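Read through the structure below, which is laid out as structure tokens, and then see the notes.
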Amino acid sequence: MTSLDNINVQIHQSHGNVEPLLNEVMHAIDRLLEAEEPTVIDLASLPFGPGELERLEERLGRGELRAELDALGASHIRETAYPGVWWLEHRNTAGDVVGRYLEITRTPEILMSQDADILAGRARLGEMLELKEARQ
Amino acid sequence: MSKTQTLGEILQARGVSRRGFMKYCATTASLLALPPSMVPHIANALEHARRPSVIWLSFQECTGCTESLTRSASPTLEGLIFDSISLDYHHTLQAASGDAAEAARHAAMEENMGNYLVLVDGSVPLGNPGFSTIAGTSNYDMLMETAKGAAAVVAIGSCAAFGGIPGADPNPTGAVAIRDLISDKPVVNVPGCPPIPMVITAVLTQFLTFGQLPELDKHGRPVAFFGQTIHDRCYRRPFYEQGLFAETFDDEGARKGWCLYKLGCKGPITYNACATMKWNQGTSFPIESGHPCLGCSEPDFWDKGGFYNPVSTASLGGGAALAGAAAAGVALGAAAAALSRRRQAKIIKEG
């Protein structure tokens, strides 16, 4: 056996923490539709019992879009089966999960290109073109 | 790495993108138990933050607190040292030894007079200076000398915060907590045996981010992490409310994951964040592993009766301490305790 994941443990019991959260998500969808107000739920702050996080993930399902970010470790961002509800998982460079969030929004902020990065990229592109011009 | 560089400059020099920085800020907000809406404020503050000098002193301790710190996942210890703080003195982690180590401590104090943080793990023996010395200096003298020019002192672990196991009855070394000795500086207590690694790093990150210490409770603990009891945040709480308890470690209740109150769980009177932050990268915490909470982040936890006695039968002043629990829960708990007492009496009688 190489890791804890290989231990065959099945948890059938519910501790009742998933349903209230799903209701909270539904209210957040309403706020997004009615007032364009996004919501971020930090899953690390909630008292999940064994297996409940997995149950939540299963209940939300998978949608048609997913993205991977490689910055200070990998991040996995995907839309759930409910459009506008996004599951975000941040990992550090060692691969440990450092944050799990539900974002109820049209597009998670972290997927947007940031001004600082756009400016830096533009500068790099400019330098590359100047260099090419100088060589010719 | 220059101490005058801001965190934003350090990360930029390492090629970290703005997206990476936003991710760092999101996990920092989570670490500080702040709402995600605070991320832009954290980003602004962190971008301009400068790494504080940190001096870590180890007195009557077991190094468990440092072991815990090395398990921090967000930020990792390496990330913390390279990006967030300048760890200038730490017995277990520093490369220097002997005179060079002590010289590094003095140099850090002089260069950062009035601005550095002192972190202490372990209690201070007052019975005899010879009980615990470092480089021929008593723990008391080293603490007072080092704390003199500090911005604040952080007592890491229950020994530094409350005297802990060295201070347990009969306290042979005359061990005292840091707060018993330092009265002219802010002292933050981060108790636990050991404390949750991310709570240690969170206090440092809070200081780095906002240049100030967190709000504290009556025991000097950060409210963000010690503001609620383990019981309040326990996923087994619904079973307590329903009066469903494990009676032994191998009965049906234990197998079904029912409440561990009758097996001595100190969750109802213990303020800590284990139930949500958990241990080992968020894998689980004692109750999730089937063991009652020992109450290790509370003062004098070692001397409060047996770990396996229900709260109401241990020497805790149960009624007053339980006042914060839900009324229905208290009633159920009291009934459960009465049953447990009868069961214990029966066991003793039969034995």
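The values are calculated or read from the model by the stated rules, or taken from the named source; none is laboratory data. The model shown is predicted, which means the values in this text are computed figures rather than measured ones. All Cβ positions, glycine included, derive from the backbone under ideal geometry; neighbour counts span all protein chains shown. The accessibility values were calculated without ligands, DNA or RNA, using every heavy atom of the protein model including side chains. Shrake-Rupley method; radii C 1.70, N 1.55, O 1.52, S 1.80 Å.
Observations, loosely collected:
- Identity of the residue in the stretch B:177-200, buried (at least 24 other Cβ atoms within 10 Å of the Cβ) and assigned to a helix (DSSP H, G or I), that ends up nearest to the other protein chains (Cβ to nearest Cβ): B:Met198
- Taken over the stretch A:26-43, the criterion of being among the aliphatic types (A, V, I, L, M), open to solvent by less than 50 Å² (accessible area, probe 1.4 Å) and within 14 Å of chain B (Cβ to nearest Cβ) is satisfied by A:Ala28, A:Ile41, A:Leu43.
- Hey, A:Arg122 open to solvent by 90 Å² or more (accessible area, probe 1.4 Å), at pLDDT 95 or above and either under 28 Å from A:Leu32 (Cα atoms) or facing another protein chain (nearest Cβ under 10 Å) (or both) or not: no
- In a residue-by-residue description of the stretch B:116-126, the property of being more than 14 Å from B:His106 (Cα to Cα) and not in a strand (DSSP E or B) applies to at least one position.
- Residue ID - surrounded by the most Cβ atoms within 10 Å (Cβ to Cβ), chosen from residues in the stretch A:78-94 that are more than 12 Å from chain B (Cβ to nearest Cβ) and charged (D, E, K, R): A:Glu79
- Among the candidates B:Asp121, B:Asp141, residue that is under 20 Å from B:Lys185 (Cα atoms) and open to solvent by 50 Å² or more (accessible area, probe 1.4 Å): B:Asp141
- The stretch B:201-237 - residue that is over 15 Å from the mean Cα position of the chain (by Cα) and not in a loop (DSSP other than H, G, I, E, B) and, of those, nearest to B:Val120 (Cα to Cα): B:Phe207
- Qualifying position, being in contact (Cβ under 8 Å) with a residue 24 or more places away in the chain, touching a helix residue (DSSP H, G or I) at 6+ places or on another chain (Cβ under 9 Å), within 14 Å of chain B (Cβ to nearest Cβ) and over 26 Å from B:Asp232 (Cα atoms), among A:Ser75, A:Ser113: A:Ser75
- Total residues in the stretch B:265-312, condition touching a Ser or Thr at 6+ places or on another chain (Cβ under 7 Å) and either within 14 Å of chain A (Cβ to nearest Cβ) or surrounded by fewer than 19 Cβ atoms within 10 Å (Cβ to Cβ) (or both): 6
- Counting the residues of the stretch B:82-98 that are free of Cβ contacts under 8 Å to residues at least 24 places away in the same chain and open to solvent by 50 Å² or more (accessible area, probe 1.4 Å) gives 2.
- A:Arg100 satisfies every condition listed in (1) open to solvent by less than 30 Å² (accessible area, probe 1.4 Å); (2) in a strand (DSSP E or B) except (1).
- Test: residue in the stretch A:45-53 that is surrounded by 13 or more Cβ atoms within 10 Å (Cβ to Cβ), of a type in the set (Asp, Glu) and within 8 Å of chain B (Cβ to nearest Cβ): yes
- Checking every residue in the stretch B:235-245 against the condition of being open to solvent by less than 30 Å² (accessible area, probe 1.4 Å), modelled with pLDDT of 95 or more and within 14 Å of another protein chain (Cβ to nearest Cβ) gives zero matches.
- Any hit, the stretch B:143-154, residues being in contact with a strand residue (DSSP E or B) (Cβ under 7 Å, 6 or more places away or on another chain) and under 19 Å from B:Cys296 (Cα atoms): yes
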